[in-house]
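The next block holds one structure in the form of structure tokens; read it before the comments.
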Amino acid sequence: MAKKRDIKRDKRQDQQNSKRRDDKALNRRDFFRGGAAAGVGAAVLSTSAMAQENGGIRWNYEADVIILGSGCVGLHAAVRARDLGASVLVIEQNFDVGGKLVHSGGWTSLGGGDPIQERDRIGTDPQGLGLKASLIKPEELEDDPDRLFRDMTDWSVVDATGVARYRYNDRELHRAWADNAPKTRQFMMDNYVRFARIDGTHQGGGMTRARAARAMMKLADKTDIKAGTVSPQDRGDPQGERHSHFAPMRQVPGVSAESLGAPGWVWGGFSIARPMEFSAREKGVRFMLNRHMDELVRERPFSGRVIGVKARYTPRTHPETGARLESFWQNGNIDERAETVYIRARKAVIIATGGMQGSIPMRMMMDPRMCEPSIEYGPSALIGPMNMDGSGISAGMKIGACLAGMMMNYQHSSGSPTLSSVLGTRDTVGSTFPGTPAFLFARAKGFNIGNAGWEHAIAVNQVGQRFYNERTINNNSSDAKYPPGSDGTRKEFVPLDWRNASPQQVNAQNRRSAAVDAALAINEGSRAPDFASGPVWAIFDAAAAARGGWTIRYPYIADPPDGYFHKADTLAELAKKVMGHPYQKMPLKHLEKTVARYNEMAGRGKDEDFDKPVLHRIETPPFYAAAATIRVNDSYGGLRINGKAQVLDTQGQVIPGLYSGGEASGGGAQHGIGRATVHGYIAGTNAAQEPMA
Amino acid sequence: MAAKAVSTHGERTCTVEVAPGEVDAGAELTVTVRASCPHGCDLTGQSVSIRGRDDTELACAELATLEDGAFGTALTLRAPLKVGEQVLRAVLVAEEKDGVRHDQRATAFSFIAVPHAANVNVWGLPSVIPAGERFSFKAGIKCSAGCKLAGRALSITDHDGAQVAAAKLCDDVWPGTSALYFAEVEAQAPLTPGDFTWQVTTPASEQGAAHAAGSCGFAVKVVAPPDHEVTVEAFDGDTQTPIKGAHVLLYPYRALTDERGVAKVKVAKGSYTLFVSGFNYIEHERIIDVTSDVTARAELAAEPEEDVDIR
């Protein structure tokens, strides 16, 4: 029998010396020389492996808790389970830790009387962060788990399409979420995460109280996670068009340090992801990066405990040099390069793999509009092609897990396809500058023309025809949240009051346009078998670019070109050039005719086709075609879990030893980091307390 | 030494594809030759020669393995300057190697050399022109083969077909383009208000490569002399700072605001819908009646940042 490797070790052991790690690496190689036998065993077992007793599997590694994914759920679950004494191994398909969290804005909406609400309610600064006065009135920070739960399940809060936003949050899940939100905030703070003053509530975080604060780090000479500081080098310099490996995200527009009551600080998802990762490594959590979980191993096909995973080596390489990309920190990494390994979980497996928006067949389960190949999952360039591929969800389904809340995506603004005003790039969400490895794949930051910029451009489909009033192209459904009255909700909001959901109120909120539906409609170029509608192009001329001062140069567009931005002397040439886009299968056949008609209508002062209020002739060479990517950012349906984050089967029974949370799970329309942090905390807590298998 | 026995495999098969089938005179085209032997021989390294009417060799290459697995090669030829159908031959040269002989095989193919197309464009025209006033605009031509067109003649004809202006293309290309040659054109507006369609045309040319004629219609909107001046002041509603570069529309009159956020528009008296729009602002819209010189202040609200839910 192959020798099992126990990665459980305490902090002191980890810090002893690097030589010991080198020795272990040698042992590992020795192990895998004989690993061919393990591979054979794996092949035999991999079909219905899991249909067999586990005695046939030769485990290559084992730990108490195996966590699949190192994003928001994974990091929080890992640290929590480690705190409770479990050995923890995190499997991550990307070359670095952090998932979508490290690319996020870091706005963390918790509540229930959490420590930051209390800090700001009293107006103190107990950590000595140099905060200015609280931004929210004290009475709007008074909160408790009961109020939070009531907010999270208030039937009367509707979105712009009249769908109850909170009513269909699973009650058991959100009761547990509300109860654990204050503890999670403290837990994050105990692991080096600092928060600015509370400045609102994130979408899906409730209507009656302010609950969201940005995680932040202070700019200083050097990066010191314990001190909460980040160096200019690690922070990057958005004004200097440079991001960094440490903080591979864009500055969130419209937010300033001053507006957060935290002068001198910078914010973003890195301010959670890096401190939590640092803490995890410090506490002895081990990371096996470049490895994708392909299958869960259960004692029997649809019964018994989940006892491990099968995972495949998935390195990402530099597109020019071919060198393997490496994580920002390496301590605690297990550099395992065998094609396939089996990893045993003595206590539990936590599925923290994120959503399914990167997989066309899977995302179609929750939204038929997502059949279009050209709909891009924003950060896929950043986190890799296998990110958000639904693999955690499908692996759960294969061993009998049930799904929940698949309709939530359809109604959710961030889960629905939207047309971006960030043009000329496939990555309209990450929007990174050079300096981060992610930019090697994103290739361009894109340039944002804003909603108003569409006055100066037309949007055409894959055959060069307009399809909607461009000026309303970005009107999406609203996000009902605190403070009431924002996004059209009722200013005189009273919890559980029918007037919040009256037809008049819904009508007042409804500003959603059908531009995406029109863009995705079958057109003349749609062909069997998928009848794809193709990409959307913003077409404009040199005069529009000059009026708007649009930054049409590297790194806002790719150099060398990547097919998402084109320039030509004539419209006829432009119509052919767009073929460089990966989803553009034909020239823009009608482009010249479309522009001629548009110019004619501009001369007449009336858009007889789509009622766009102001038209500008498109006539001054050169002419431009910039991809207006239809993107989907988030995923809201997934594995059905209970309040302990245990995955349930189709009979409603717990699948022993299997946990999930965040975007891999379903049961609510709550958005973002607030949801995922608490799920991670709950899953880590309960997984660590499972009996040894 | 005894001579080696030679077996003859007879004629190889040969197919030829030409892209594009119609090509600008003097421009490049690609000829893809694919060959096979009925006995399945490896033809790699065998020679292909492209020959004209008098058997002159225009290009040659060796067969290799193409992406589709066939033996073949892609050759680049330049079409003649003379317009019309061109018939050439692809010759698989006779080869003898390792006791196997392949006879020569010639396959005829053709393409059509066409005159270069002229893509004509007009821009920079005022949105309205007071009756009888002189105005200017730009007209440009892009040759489909990217030829230098400096000095080429343009003629502008009015709605009745009468020539109202003429120009020659400059030596320089229009900024930002690779080969769009342009001219500044001046003309006088008709004496009566109305919407007119004029034409800019360029004649065919046989100098060098054949160039086809080209033309483009463009709209000329002529209005009565203005009666009053409308002063529009565009301000940020929150900060009360002027908005430079805001677009002002009192259809058909247009203007951009200056650094003080001010645009002055001379209009005929009447009722107008005033649109004031700026980048990153929600547009301002209201009806104004112009019966005298008037000032309109437009306070624009900033549009919300695009919500990409990464907050």
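The trypsin sites (Lys or Arg not before Pro) of region B:81-134 that DSSP puts in a loop, and whose beta carbon has at most 11 other beta carbons within 10 Å, are B:K82.
Normalised by the number of residues in chain A, the average gap of Cα pairs under 8 Å and 6 or more apart makes the relative contact order 20 percent.
Name the residue farthest towards the positive end of the dipole of region A:582-642 from the options A:M601, A:P587, A:P621, assuming +1 on Cβ of Lys and Arg, -1 on Cβ of Asp and Glu, about the Cα centre. Comparing the listed Cα positions along the dipole, A:P587 ranks first.
Applying a 4.7 Å cutoff between beta carbons, the unpaired cysteines of chain B are B:C14, B:C60, B:C170, B:C216. Note that region B:118-223 carries a Kirkwood radius of 14.1 Å, evaluated over its alpha carbons pair by pair. Of all aspartates and glutamates in the structure, those lying under 19 Å Cα to Cα from A:K398, and not within fewer than 8 positions of it along the same chain, are A:E53, A:D294, A:E295, A:E299, A:D389, A:D649, A:E663.
For B:176-184, what's the mean count of beta carbons from other chains sitting within 10 Å of each residue's beta carbon? Mind showing how you got there, number by number?
Values: counts 10, 9, 5, 2, 5, 1, 1, 0, 0.
Counting Cβ atoms of other protein chains within 10 Å of each residue's Cβ and averaging gives 4.
Taking a straight Cα-Cα cut-off under 21 Å and skipping sequence neighbours fewer than 8 places away in the same chain, the lysines within cross-link reach of B:K97 are B:K4.
Just to check, using Stokes-Einstein with a Kirkwood Rh over alpha carbon pairs, what's the diffusion coefficient of region B:228-302 at 4 °C and 1.567 mPa s in µm²/s? Don't skip to the answer; put the middle values down first.
Numbers: Rh = 11.9 Å.
The calculation lands on 109 µm²/s.
Kindly provide the GluC sites (Glu not before Pro) of region A:585-621 that DSSP labels as loop, not H, G, I, E or B, and whose Cβ sees at most 15 other Cβ atoms within 10 Å.
Working: sites: A:E592, A:E600, A:E608, A:E619; in loops: A:E608, A:E619.
Of the GluC sites (Glu not before Pro), the ones in loops of region A:585-621 whose Cβ has at most 15 other Cβ atoms within 10 Å are A:E608.
Neighbour counts of C-beta atoms inside 10 Å place B:H39, A:H590 in the sequence B:H39, A:H590, starting with the fewest.
Could you give the distance between the Cα centres of region B:31-85 and region A:366-434, to the whole Å? Between the Cα centres of region B:31-85 and region A:366-434 lies a distance of 48 Å.
Let's see if you can work this out: charge +1 on each Lys and Arg Cβ, -1 on each Asp and Glu Cβ, no other charges. What is the dipole magnitude of the protein assembly as shown about its Cα centre, in debye to the nearest 20?
On the way: 116 positive and 119 negative charges, 680 e Å.
Here the size comes out at about 3260 debye.
On a 21 Å Cα-Cα criterion, which of the cross-link pairs A:K589/B:K142; B:K138/B:K244; B:K148/B:K221; A:K310/A:K644 come out too long?
Working: A:K589/B:K142 19 Å; B:K138/B:K244 26 Å; B:K148/B:K221 32 Å; A:K310/A:K644 25 Å.
Correct reply: B:K138/B:K244; B:K148/B:K221; A:K310/A:K644.
In plain terms, if you count all Cα to Cα distances in the protein assembly as shown and split them into 20 Å steps from zero, the share in each step is 12, 35, 31, 19, 3, 0 percent. The charge dipole of region B:228-302, taken about the Cα centre with unit charges on the Cβ atoms of Lys, Arg (+1) and Asp, Glu (-1), comes to about 260 debye, rounded to the nearest 20. Of the residues B:S215, B:T197, B:A145, the one whose Cα sits farthest toward the positive end of the charge dipole of region B:118-223, with +1 on the Cβ of Lys and Arg and -1 on the Cβ of Asp and Glu, is B:A145. Among the trypsin sites (Lys or Arg not before Pro) in region A:598-693, those placed in a DSSP loop whose Cβ has at most 15 other Cβ atoms within 10 Å are A:K606.
The helix-only estimate of mean residue ellipticity at 222 nm for the protein assembly as shown, built from DSSP H runs of length n ≥ 4 each weighted as -39500 (n - 2.57), is -5000 deg cm²/dmol after division by the residue total.
Based on alpha-carbon centroids, what's the gap between region A:263-326 and region A:507-559 in Å, whole number please? Each part reduced to its Cα centre gives a spacing of 35 Å.
Cross-link reach is defined here as a Cα-Cα straight distance under 23 Å, omitting same-chain residues fewer than 8 places apart; for A:K585 the lysines meeting it are A:K567, A:K576, A:K577, A:K593.
Model label sites at A:M692 and B:E62, defined 7 Å from Cα along the beta-carbon direction, differ in position by 7.0 nm.
Only four residue types carry charge here, +1 at the Cβ of Lys and Arg and -1 at the Cβ of Asp and Glu. Report the dipole size of region B:118-223 about the Cα centre in Debye, rounded to the nearest 20.
On the way: 7 positive and 9 negative charges, 46 e Å.
In debye, rounded to 20, region B:118-223 gives about 220.
Label separation (A:L84 vs B:D227): 8.1 nm, computed from points 7 Å beyond Cα along the C-beta direction. Region A:600-618 and region B:273-293 have Cα centres spaced 16 Å apart. Over region A:238-335, Cα pairs under 8 Å with separation of 6+ residues give a relative contact order of 22 percent.
All of the numbers you see were taken from the coordinates with simple rules; none came from a lab. It should be emphasised that the depicted structure is a prediction, and the values quoted were computed from it without experimental measurement. Neighbour counts are summed over all protein chains in view; Cβ atoms, including those assigned to glycine, are modelled from backbone coordinates with ideal geometry.
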